[in-house]
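Colleague: Would you mind keeping the following structure in view while I ask a few things?
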Amino acid sequence: NKVQRLAADKATIFADNIEVEVTDQVKIEALVEGIVEAARVEHKLGVDAETRSPDPDKHPMLAKKPSMAQIVSIGLATPTRGVSVTFMRLSPRAKRLVAAALEDHTIEKWFQNGLFDLPVLQRHGLPTKGPIHDTFVLHSNLFPLMPHDLQRIATQFFVIKPWKAEFRAGERDLETLLPYNARDALVTVRLGAVMLAMA
């Protein structure tokens, strides 16, 4: 278990290799292009969409409904690194690159609770095809009596800071949302590789 691995100095310390861009479309396109190229080499892509309600002041909970949620940022990650960019700042070419990666049958797509993200992406013109995996479902099958939220799963396998608790306790502007989003995608794809080997 993790305690034994820590004592033996064999625990996996999570390397937080992320990049984000909020506004610059040229940098956003470069980040997307780089992560898509890496996904084609590594054949794995973690995907996470951060969403909001179309009317957050009156109906904040609509962000949790796939039929209503609007994408604010999209996180993409290979096991090596993760990126997050503001969704509305995607250039047409950047969006085509994301779409091509999501439809690429040579790339494993990894989600945490894809039952939400997949229809949201589909509604925003980004259908996902090919091998699709879900860390929530996989963890539920491997460890049915344990909690299956991403933070709990991550701490089961990695030495990692409580990034979700830190985010929820602070400001939620784009400058803090995007690193959180990139980290979610990176954690998801790395967990997938670990748990798939156990299945």
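Colleague: Residues that are touching a Gly at 6+ places or on another chain (Cβ under 8 Å), closer than 22 Å to Ile18 by Cα and not in a helix (DSSP H, G or I): does region 89-107 have at least one?
Modeller: yes
Colleague: Sticking with this structure for a sec: Which one of these is in contact (Cβ under 8 Å) with a residue 12 or more places away in the chain, buried (at least 22 other Cβ atoms within 10 Å of the Cβ) and on the phi < 0 side of the Ramachandran plot: Thr78, Thr106?
Modeller: Going through Thr78, Thr106 in turn, the sole match is Thr78.
Colleague: Return a yes/no flag: does region 51-60 have any residue that is at pLDDT 90 or above and open to solvent by less than 60 Å² (accessible area, probe 1.4 Å).
Modeller: Checking region 51-60: at least one residue is at pLDDT 90 or above and open to solvent by less than 60 Å² (accessible area, probe 1.4 Å).
Colleague: Hey, Phe143 hits all of (1) within 30 Å of His105 (Cα to Cα); (2) open to solvent by 30 Å² or more (accessible area, probe 1.4 Å); (3) over 15 Å from the mean Cα position of the chain (by Cα); (4) in contact (Cβ under 8 Å) with a residue 24 or more places away in the chain but one; which does it fall short on?
Modeller: Of everything listed in (1) within 30 Å of His105 (Cα to Cα); (2) open to solvent by 30 Å² or more (accessible area, probe 1.4 Å); (3) over 15 Å from the mean Cα position of the chain (by Cα); (4) in contact (Cβ under 8 Å) with a residue 24 or more places away in the chain, Phe143 misses just condition (4).
Colleague: May I pose another question? Let me spell it out: the conditions are (1) touching a residue at least 60 places away in the same chain (Cβ under 8 Å); (2) within 21 Å of Val72 (Cα to Cα), and Asn113 meets all of them except one. Which number is the exception?
Modeller: With respect to (1) touching a residue at least 60 places away in the same chain (Cβ under 8 Å); (2) within 21 Å of Val72 (Cα to Cα), Asn113 is out only on (1).
Colleague: Go over the candidates Gln70, Gln112 one by one and state the one that is in contact with a strand residue (DSSP E or B) (Cβ under 6 Å, 6 or more places away or on another chain) and either under 19 Å from Leu178 (Cα atoms) or crowded, with 16+ Cβ neighbours inside 10 Å (or both).
Modeller: It is Gln70.
Colleague: Could we say that Glu42 is open to solvent by 80 Å² or more (accessible area, probe 1.4 Å), farther than 13 Å from Ala182 by Cβ and among the acidic types (Asp, Glu) here?
Modeller: no
The values are calculated or read from the model by the stated rules, or taken from the named source; none is laboratory data. These numbers come from a predicted model, not from an experiment. Virtual Cβ from ideal backbone geometry, glycine too; neighbours counted across all protein chains shown. For the accessible areas, the whole protein counts, side chains as well, though only heavy atoms, and no ligand, DNA or RNA atoms are used. Shrake-Rupley method; radii C 1.70, N 1.55, O 1.52, S 1.80 Å.
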